[in-house]
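Heads up: the structure comes next, in structure tokens.
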Amino acid sequence: MQMVPLVEYADATPEVRAVYDDIMATRKTDWINNFWKALASHPPTLERIWQGVKQVMGPGGALDPLVKEMIYVAVSVTNNCEYCIHSHTAAARAKGMSDEMFGELLAVVGLANETNRLANGYRIPVDPQFVPVVGPVAEPASLGELDFTDEPEAKRAAE
């Protein structure tokens, strides 16, 4: 059961309508989803979160939009947020995520959660090779156990 009333556009204050209008213009849509309607019960939160979404999830940056949505799905699965799983899976599919990609994403999420719990449970000390250093970073070859390429070692050494 929802904790706050959903604020429909017709019932919104001018402040909330301005955010709704920006959401619809930015997303090129004619409707506001329930997430935003719930946040509108507290307009400062609505405004702050919308600005953050535009900044982080918007175009530009080093990550393409599909990767951003897939990361959002992964975090949402881990945090067990049903709403976010559905909304960001729909967004990722709209940006090109296939069923195969979704399955592989969930496999990575499941494995990461399992190995994270094991590492936390065993309180495994972090290898010095993984700790960031100031200055030049270690060559990837020094982390050989993480190299899953199919290339033989001799071929890599010849390059």
(message) 7 Å from Cα along Cα→Cβ at both ALA18 and ILE49: what's the point-to-point distance in nm?
(response) 2.0 nm
(message) For a Förster distance of 35 Å, can you work out the FRET efficiency between the beta-carbons of VAL126 and VAL56, rounded to the nearest 0.05?
(response) 0.80
(message) At 0.36 nm per residue, and after removing the present C-alpha to C-alpha distance, how many nm does the segment from ILE71 to GLU100 gain when stretched out fully?
(response) 8.9 nm
(message) So if I take the centroid of the Cα atoms in segment 89-132 and the same for segment 1-16, what is the distance between those two points in Å?
(response) 36 Å
(message) So, R0 is 22 Å and r is the distance between the beta-carbons of PHE35 and THR115; what FRET efficiency does that work out to, to 0.05?
(response) 0.10
(message) Along the Cα→Cβ direction, 7 angstrom out, place labels at MET1 and LEU63. What is the inter-label distance in nm?
(response) 3.6 nm
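Multiply the residue separation of THR78 and ASP11 by 0.36 nm, subtract the distance between their alpha-carbon atoms, and state the gained length in nm to one decimal. Numbers along the way, then the final one.
Numbers: separation 67, 0.36 × 67 = 24.12 nm, distance 3.46 nm.
Roughly 20.7 nm would be gained on extension.
Laboratory data are not the source of any read-out in this text; all were calculated from the coordinates shown. Everything numeric here is computed off the predicted structure, so don't read it as measured data. Here the Cβ is made from the backbone with ideal geometry for all residues, glycine too, and neighbour counts use every protein chain on show.
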